[in-house]
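Report on one structure; see the data block that follows.
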Amino acid sequence: MTRSAHRGTGLPVSTLAAYGLPSLPSTILTFPLFVLLPTYYAQDLGMGLGIVGAVLLGSRLWDAVTDPLIGALSDHISTRWGRRRPWIVAGTPIALVSAWFLLVPGGPVGWDYLLGWTIALYLGGTMILIPYNAWGAEISSHYHERARVTSFREIFVLIGGVTAAALAAALQADRAEALRVTAIIVIVALPIAVAVAVTVVPDRPASLERRLTFGRAIAVLRTNKPFQRLLAAFFLNSLANGFPITLFLLFVQHKLQADDTMVSWILGAYFALALLSVPFWLVLTKRYGKHRVWIGAMLMVCAFFIWVPFLGAGDGWWLLIISIFTGFGLGADLVLPPAMQADVVDLDELRHREKRTGIFFAIWSIALKLSLALAAGIAFPILELVDFQRVVGDNGPAALLTLAILYAIVPVVFKLASIALMWRFPITSAKQAQIRRLITARERRA
């Protein structure tokens, strides 16, 4: 760990940028997985909405096994090269091979092809992202500096989102070509980004006072009430974000009857405003605290998104305006919850004398993945029940109303539930500083 990390402030920009860099190609890959791929397999390859939704939901069950396993192993297996970096390097080739076969199917494929390569990609992604996120939480122990670390990571996430949206716009309606070009870009860029990160960013060595078994480690998490509250709020908010991500193309094409140019404008504005908003949320966080600022951002998103169901054919420009404000709120969604996650890990370390960041972020990852899979697993079968048609113009008022409710009303309900959970979140800046002082004092006595 760097000296600045021990102080908790003033991490070099070069270190933060090197750490955040792998998020850029990762997001370029993630964007089509959730926005383009479900529609591509369901409509272009003819699998059907119900089958694709079920496969994507089922593939996430594998993560319930691999995520905590990788998290625990990366916590407890230490090498001379660190705990986190070896996993990231090992997971990269698995993710790249899987991404190619998933995004560029060689011919007619079935549900088993989609399931198999999705599971393989999720395994490679888990080996990268669980240690990667835990690594970021360990770079600094300072309350506000952690928000800065996550902000650098999420800035690259947003740049990746803008890049992916621009790529989709450049290729217009050719989803197959967009997926192929995305695969090529990721295969070239991800290894380079990973190489830079693991070379420049230090990896905290293991300094465990005692080791817990895997089962005991999971059981101990149940005693961390702030973690439980934050995890539940994060899951509900991620589920709220998952419905519009999954249904975006269907809503814009069928409900608004907008063309591909409008789709590109909306996506570009959404990610661009999220990127621009990050410094704003960081400034507010220093004044009001992470959880209060996150609540404010979610309330703002709800206030604008609630009007979306009233839009109809030709109202693409209105959705563009709404996306500007909801995109601004997305910046807080991306930066603040992971920074708070690092704070609840401190509480666990104080109580149990062990830094188990990996397993915390593994459970965090399961919540994120399950929320996105549930969005598809719930929304697509419901659309099939109301006889939603693939051809634009063939859907009646009931099908379009169902689409609008799933796209906008359901997310607002989930966000309001998340806000309720976070309203009295106990770990503030002062509380976190007290926890770190107690941990430091104990380490000095050891």
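Would you tally the residues in the range 256-294 being of a type in the set (Asp, Glu) and in a helix (DSSP H, G or I)?
1
May I ask you to say which residue of Ala99, Ala17, Ala54 is of a type outside the set (Phe, Trp, Tyr), surrounded by 20 or more Cβ atoms within 10 Å (Cβ to Cβ), modelled with pLDDT of 80 or more and in a helix (DSSP H, G or I)?
Residue meeting the stated conditions: Ala99.
Would you pick out the residues in the range 42-51 that are surrounded by fewer than 17 Cβ atoms within 10 Å (Cβ to Cβ) and part of a helix (DSSP H, G or I)?
Passing the criteria: Asp44, Gly50.
Of the conditions (1) surrounded by 15 or more Cβ atoms within 10 Å (Cβ to Cβ); (2) modelled with pLDDT of 90 or more, Leu158 clears all except one; give me its number.
(2)
Before we move on, is Thr92 at pLDDT 85 or above and among the polar types (S, T, N, Q)?
Against the criterion (at pLDDT 85 or above and among the polar types (S, T, N, Q)), Thr92 qualifies.
Conditions (1) buried (at least 16 other Cβ atoms within 10 Å of the Cβ); (2) part of a helix (DSSP H, G or I); (3) touching a residue at least 60 places away in the same chain (Cβ under 8 Å), marked per residue:
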{"site": "Thr402", "(1), (2), (3)": "yes, yes, no"}
{"site": "Val410", "(1), (2), (3)": "yes, yes, yes"}
{"site": "Phe414", "(1), (2), (3)": "yes, yes, yes"}
{"site": "Ser418", "(1), (2), (3)": "yes, yes, yes"}
{"site": "Ile427", "(1), (2), (3)": "yes, no, yes"}
{"site": "Ala430", "(1), (2), (3)": "no, yes, no"}
{"site": "Gln434", "(1), (2), (3)": "no, yes, no"}
{"site": "Leu438", "(1), (2), (3)": "no, yes, yes"}
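Collect the residues in the range 313-371 that are among the aliphatic types (A, V, I, L, M), in contact with a Gly (Cβ under 8 Å, 6 or more places away or on another chain) and either under 30 Å from Gly393 (Cα atoms) or surrounded by fewer than 24 Cβ atoms within 10 Å (Cβ to Cβ) (or both), keeping them in residue-number order.
Residue satisfying the conditions is Ile363 alone.
The rows are residues; the columns are (1) under 30 Å from Ala430 (Cα atoms); (2) in contact with a Phe, Trp or Tyr (Cβ under 8 Å, 6 or more places away or on another chain); (3) among the β-branched types (Val, Ile, Thr).
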{"residue": "Leu49", "(1), (2), (3)": "no, yes, no"}
{"residue": "Ser59", "(1), (2), (3)": "no, yes, no"}
{"residue": "Asp67", "(1), (2), (3)": "no, no, no"}
{"residue": "Arg80", "(1), (2), (3)": "no, no, no"}
{"residue": "Ser98", "(1), (2), (3)": "no, yes, no"}
{"residue": "Thr118", "(1), (2), (3)": "no, no, yes"}
{"residue": "Leu121", "(1), (2), (3)": "no, no, no"}
{"residue": "Ile128", "(1), (2), (3)": "no, yes, yes"}
{"residue": "Tyr132", "(1), (2), (3)": "yes, no, no"}
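The values are calculated or read from the model by the stated rules, or taken from the named source; none is laboratory data. Predicted, not measured: the structure shown is a model, and the values here were computed from it. FYI the Cβ positions are ideal-geometry reconstructions off the backbone, even for glycines, and counts take in every protein chain you see.
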